[in-house]
Every structure is written in C-alpha cells, then in structure tokens.
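The structure appears right after this line, and notes come after that.
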Amino acid sequence: MKHTIGQKSAHGLLATALILLIAYGLISLLVALKFLGEDGLATSFPYQNMHGSAAVLAQLCIFSGLLGGGVYMALTARDDQDVAQPALLRWVYRLWLVLVILAVLGAALGLLEGRPSLELLVPFDIALLIFLVLFMWLILSSAAKNPPVIIWSVGILAGIIGVIVGLLPYASFEAEALQRVIASGIIEYISYPLAAVALAFWLMRRFSTVTPEWVDTGVFSCAGLIAVAGALLTVQPLVNILDNDLISTVMSFGVVLIPLAYLIYAAHLYHALSNRNTATTLAAHWLALGALCWVVTALFSAINALPDLQVYIAGTRLIEAQNVLFVFGVIAVILGAANQSSAELRGSSQRVTGLMPFWLVAFGALTSAVLLACAGVVQVFMERRASIGFLDVQMLIVPLYSLWTLALIVLLIGLVIYGLSFYLRRPREGAGEVSS
Amino acid sequence: MRGIRLFFVVCLICAILIVALPIFSFISSSPPEQNQAVLHGQHIWEANNCAGCHTLYGQGGFFAPDLTHIYSQRGETYIREFLFNPNAFHPASARQMPRFSLTQSERDDLLLFLAAVDQNATSFPPQMINVSGGLNTVVDAVPAASQAVEEVPDDPAEAGRFWFVRPPAICGTCHSLEPDVVLVGPSLAGVASRAETRVDGQSAEEYLRNSILHPSEYVVEGFNDVMQKNFGDVLTADQINDLVAFLLTQTENDTEAGA
C-alpha cells in the first residue's frame, strides 16, 4: 500500500524528533562532562552555549514529536488515512524541517544566546508560532470532533500562548523575570503534558481493549487535572521573585493537586495496561515509563510547592532533576507514539525498536534524574543551610556528577539503538495494510 | 460526556486564573519605572547569556553561583575587577568564567542591574549563598568604589593594609583580622607572632612572603589548600612587599590586630 502524505509527514516528524533527541542526548553528555573536575575547554567551549544548544534541541525535539504524533492521531481518525489538506501539510512539514535545520545550525554556531528559558531568538520564536498555528489548524480541520485531538490542540494552543507571552515587551527586570517564568512554565508544564496526555490516551486504544467512551472520558478528566497541576507548577518559581502571600497560598495547593493529577493519569494507564489487546508494540512500555517519570516528578514538585522549601531549593540541581524528569515523561510518550505509528505503517502491530533500548533509556533517564536530585539535596543542605560556598560544594559532589555522566552515556546508547532500530525497521511502501 | 467536558473547561479556567493571578498581582502593585541604565544592564546580562550559567532568583543555569545578592556580598569594586579578569579570582576552580569584553559603561550598567536585583530580592534566598568558602563578610571588607581611587599610602605597612582589602590582592575576602574569625582561610590576627615558628629555618618575613607566592608549600592545619596560586603574577613586587610589611605588624600583642 502506498503511504499517504499525512502518514509520510507524521513519520518524518517523529523521525526528526528522534534525530533531535539523539543530538540532545549527545550535547547533554558534553554539558555533563563540564561538571567534572578540570575542563580544558572551560572558556573556549563555554557552558552557556552548550546548555542553550541542548535546550534548543529539546524544545524542537518535543514539538516535532508532538506535532508528528498529532498528525498521525488525526489521520487515523479518518477513513482516507490522510489529513484534510495534504498538499498544505506537505509544505508545512518541509518548511518545519528548514526551521529545525536553521535553529540547530544557529545553536551550533552559538547564535541563539540571550534567551535562556525560551532559547530561540525572536525570529525563530515567531516562525515557531506560525508553524504551531498551521499544524493545529491542519489537524483540527481533519479530526475536530475526536477528544484526544481536541486535548492535543488545547496543548498546542497553550504552547502558542507560552511563545506569545515570551515575546511580549517588558518594562522592568521583575516583569521580565515574571514573563520568562510564566512563558516557559506554560510551554513546559501545560502545553507539553496536555498534548502528550492526548497522545497517550490515543495510544491506549492501540494496545488495550479499553472502549472509545472510556478514552474520551479519561482524556478530558486527566487533561483538566493536568492543566491545573501545570498552572501550579508554573507559578512555583514566582515565590522567589514576587514577595506575595497570595501566590504562596495558591502554590501550596500544589502539595496535593500536582501528585493527585499525575496519580489519576497513572491509574488510567494502569487500567489500560491491565486490559491489553493483541498488539505487541512497546507503546505500552514507553507510556508506563512516561507515567513513572511524571509521578516521580509530581512528588518532587509537591515538595517544591511549599513556599518555605522552594526558596531553599530554587537554583539547585533538585529543580533540574524535576524539569529533566518531567520533560522525559513527555519524550517517553513521543517514543511510544513513534514505536506504534512505525509498526502500523509497516503493516503490523509488532515491535519496531525492541526491549534493549527501552531498558537502557529507562535506566539512563531515571538514574540520571535521581543522581541530579541527590546532588540537589546535597546542595540544599551544604550550600543553602550550612553556607558552604557554591564552588566548594560543586567539587564535593563531583562523584555524583561522574555517576550522572555514566547514566547519560547509558541513556545515549539506548537512544542510538532505538534510532538505529527505528531506521532499519522503517515503514516501506507496499509492506502491507495500515491498521486503523 | 457533557459533564466531563464541563469539568475540563472548569479546570482550564482554574489553570488560567492560577497563571493570571501573579500577573495581576504584579501589575496592581504598580512597580516603579525602571531606570534606563538598569534596563541596559539587563540587556547586557541577556546578550551575554549570563543566565546560561548563573541564576538570579534561583532561575537560570546551574553551572555557576547564584548572583541575586552578589552586589551586596562582594561590593562594586570586587565585581568590577572580577568582570575585567574573572580567572584571576578562582584559578583553582574548574568553573572558569569566559572573559567578556565589556566596555566601562557596560560594566557600570551591569553593576546597576545587579544592584537593582539585589535590592529587589527580598524573599530569596532565605540566607546568603556563598560563592566559595564558609561564611561571607566581604561586604565589610571591600571598600566603596570611591575609596578605590585613593592614593596608595607611602608607608609600606599602611600600603599593605590598603591592598589587604583591595584588588588585586583583596586578602580580606578570605582572611579575617579578627582573632579566631574564620572566613575561608585562617584568621591573620597575630600572624606575625606565629609566622616565626611555622617553618624551620624561615623567618616570619620569609614565611609570609612564601605563603603569598607559594601557598601550597605550607597549609595551616585544619584548612584546605584552596588559596589562589597566582599572586606572584597578579601582584607587583611592591604590593607583595607592602602586604608582608603589613602582616608583620599583626602581632599577638598588637592592639591593631583586631582592627
């Protein structure tokens, strides 16, 4: 069977996400190396450029994956297995690839400095905004009544709002700090998880016997709670910037609501996992990993939601552990979607990438996050409570950074094996019928 | 299905309100108009991607120290010197800061920006975050910028006292002159009396000079070898002589030891 433009675009976007993810893993490893003792490239290969490049790759990777998943989700809801405007999708997809290439080149050449939370320069952000609107319109016009597609669109809309907030002019540094925290929070904690949860519920129907009604109900209830949890996560850092009792009170609700939202999502996933159908892809495994990452992050976040603790934790690796693990939950869903869509485009619901990369990635991601959290705990007690200097504490936790680096190597190996499997078992036209 | 959709919409409205709350709170507090120089300083901060490594209010990179209160911790003179040649200050650290080619006016505006952040941050952090060492009383040790242009006294001991708290020596960052007050290195109150007995065959003057030029050769018990190793390059011969002369006045009987 010949693949439709929608199928090719969705697969291309997911493949792009995978390539960007491997590049992100590689840059993250180089970033981690800079935390180990002596660094001969300390000033010639500055940390902030590498860190910025890694963030650019992560953002483009996640958006590519979510867009690819969204396109695939929409086309499977249609009889013709294509979007409503395939010709437009083809051009939007191609131009998206151009944006990705330009952004990666810009990051590699150190041209994207200056906006650390959002990373992309203003022209790139405007281009990103336009692409998100176009993709959202293409997908909504193809399957507007499908509940997972609706939630996915709300997630992408939140991403659009986040980018717009980041582009607004500011009149003072407090306003800029507030704006940056809110913009990145909306993107990271509301947009990404909403779109990913939509994908996750769509995937549950592929590997489980759950009914469409159950999926529709589940995706709305979980998405609603996750949106509230995302808002609470977004305002958490503001307690350090604005001295406001009302914000402190509101963020305290996060102690209960953030873990509750993700535990309810995990319970839904558990129900789907308990009622498997005959599909043998690893989408279920990846979703389980994603849920684990989110639940652990939600527990970290519940601690951070206490204003009196947040002021001690802000700026430590504990916060980074929370961010990395949360984003990895989203990435796990994307990898699950890539696994499932690739298998279906090959004409079967068989494994595409195997268990080895899954376990390597799971071990690498969870271990690296736990080690970062340990480093963060040491920082809180030694740097924030015992007043030992930042540089001295950093030297004391080099052993933790060494283990973190090893975990990232394992993660990278897993991602490379996943990428190779994904490429070697790529769908070829004429391979068979696409299951819907 | 209608009920669950309504639940989703209500949750979405709650999420919007939660995010909007700090924005309205900030706007209603009517923050004062920002000085243009401060905004320019902020632009320099962003253009050089300082937040790629440092944090302000706990937001930013995790590679270098939080700078929310660096202005009051280190003082203007120290930061100005640091920005000019950052690697002279923490040569033993693996975290080397790139040397940014900032003009004088850019440094001025960046300092104004850091001063404004320092003044604004009332809730973060709950206690000082030190860059290095144990405690930080540099605020008292670093003189105001206006004093930095004072002439160096002619008397070697007074000149040494002058350099003790000023760049490029700025010994007071790590060493107290108060008895038993440990900053990073040992207190230098009464050091002239102890110096004679530290190393066999070395006079007090030789020991002090050697401690400045080769700090690793004798490390006081209970302390780590973290002292800057490049004072031989950073300081002139006169400055070293002046510092030694000043430290030789720090005897245990000297009432000035606690000055």
> How are the C-alpha pair distances of the protein assembly as shown spread across 10 Å bins, as whole percents from the shortest bin up?
Replying inline: 3, 15, 24, 23, 15, 10, 6, 3, 1, 0
>> What does the structure give for A:251-258 when I average, per residue, the other chain Cβ atoms found within 10 Å of the residue Cβ?
In response: 1
> Counting Lys +1, Arg +1, Asp -1, Glu -1, what net charge surrounds residue B:207 among other residues with beta carbon under 13 Å of its beta carbon?
Replying inline: -2
> What's the extension gain from residue A:144 to residue A:36 if we count 0.36 nm per residue and subtract their Cα-Cα distance?
Replying inline: 33.8 nm
> Just counting partner chain Cβ atoms within 10 Å, what average do the residues of peptide A:168-177 show around their Cβ?
Replying inline: 6
> Label points 7 Å out from Cα along the Cβ direction at residue B:238 and residue A:101: separation in nm?
Replying inline: 6.2
> Karplus couplings for region A:89-100 from phi (6.51 cos²θ - 1.76 cosθ + 1.60, θ = phi - 60°), rounded to Hz, Gly and Pro as x?
Replying inline: 4, 4, 6, 5, 4, 5, 5, 4, 4, 4, 4, 4
> Along the charge dipole of chain B, which of B:173, B:240, B:84 sits closest to the positive end, that is, farthest toward it, with unit charges on the beta carbon of Lys, Arg, Asp and Glu (+1, +1, -1, -1)?
Replying inline: B:84
> Taking the Cβ-Cβ separation of residue A:386 and residue B:123 as r and a Förster radius of 25 Å, what is the calculated FRET efficiency to the nearest 0.05?
Replying inline: 0.75
>> Inside 10 Å of the C-beta atoms of A:46-54, what's the mean count of C-beta atoms belonging to other chains?
In response: 5
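Please express the shape of region A:302-436 as an equivalent ellipsoid: the semi-axes are the square roots of 5 times the eigenvalues of the C-alpha gyration tensor, given largest first in whole angstrom.
Ellipsoid semi-axes (Å, largest first): 41, 16, 8.
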> Tally Lys and Arg at +1 and Asp and Glu at -1 over the other residues with C-beta under 12 Å from the C-beta of residue A:281: what net charge comes out?
Replying inline: +4
> So how far apart, in nm, are the two label points at residue A:425 and residue A:130 if each is 7 Å from Cα heading toward Cβ?
Replying inline: 3.9
>> If I model region A:90-236 as equal point scatterers sitting on the Cα atoms and use the Debye formula, what is log10 I(q)/I(0) at q = 0.13, 0.18 Å⁻¹?
In response: -0.67, -1.10
> By per-residue mean of other Cβ atoms within 10 Å, what is the highest-first order of A:410-420, A:296-306?
Replying inline: A:296-306, A:410-420
>> I need the Debye-formula profile for region B:11-85: one equal scatterer per C-alpha, no solvent, reported as log10 I(q)/I(0) at q = 0.17, 0.20, 0.21, 0.25 1/Å, two decimals.
In response: -0.89, -1.06, -1.10, -1.21
> Can you give the calculated 222 nm mean residue ellipticity of the protein assembly as shown, where each DSSP H run of n ≥ 4 adds -39,500 (n - 2.57) and the sum is split over every residue, rounded to the nearest 500 deg cm²/dmol?
Replying inline: -21000 deg cm²/dmol
> Charges only on Cβ, +1 for Lys and Arg, -1 for Asp and Glu: so what's the dipole of chain A about the Cα centre, in debye to the nearest 20?
Replying inline: 1240
> What is the packing order of peptides A:389-401, A:159-171, taking the mean over residues of other C-beta atoms within 10 Å and listing the highest first?
Replying inline: A:389-401, A:159-171
> If all Cα-Cα distances of region A:129-190 are sorted into 10 Å bins from 0 onward, what percent lands in each bin, rounded to whole numbers?
Replying inline: 23, 42, 24, 10, 1
> Which residues' amide hydrogens lie under 5 Å from the amide hydrogen of residue A:208, considering only partners 5 or more residues apart or on another chain, with H built in the peptide plane?
Replying inline: A:277
> For region B:187-246, what is Rg from Cα atoms divided by 2.2 N^0.38 Å, rounded to two decimals?
Replying inline: 1.08
> According to the Kirkwood expression over distinct Cα-Cα pairs, how big is the hydrodynamic radius of chain B, in Å?
Replying inline: 21.2
> So, in nm, how far is label residue A:295 from label residue B:203 when the simple model puts each one 7 Å beyond its Cα toward the Cβ?
Replying inline: 7.5
> By counting other Cβ atoms within 10 Å of each Cβ, how are B:6, A:238 ranked from fewest to most?
Replying inline: B:6, A:238
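Rounded to the nearest 0.05, what FRET efficiency do residue A:122 and residue B:35 give with R0 = 22 Å and r taken as the Cβ-Cβ distance? Could you check?
Step by step, r from the Cβ atoms, then E = 0.35.
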>> At a 10 angstrom cut-off on C-beta neighbours, averaged per residue, how do the peptides A:132-141, B:226-235, A:320-329 rank from highest to lowest?
In response: A:320-329, A:132-141, B:226-235
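Net charge within 12 Å of residue A:12 by Cβ-Cβ distance, Lys/Arg positive one each and Asp/Glu negative one each, not counting residue A:12 itself? Provide the component values of the computation, followed by the final result.
Working: positive: A:8, A:90, A:94, A:426; negative: none.
Residues close to residue A:12 contribute a combined charge of +4.
FYI, it's all coordinate maths here, none of it is from the lab. Computed from a predicted structure; not experimentally measured. Backbone-built Cβ (ideal geometry, glycine too); neighbour counts: all protein chains shown.
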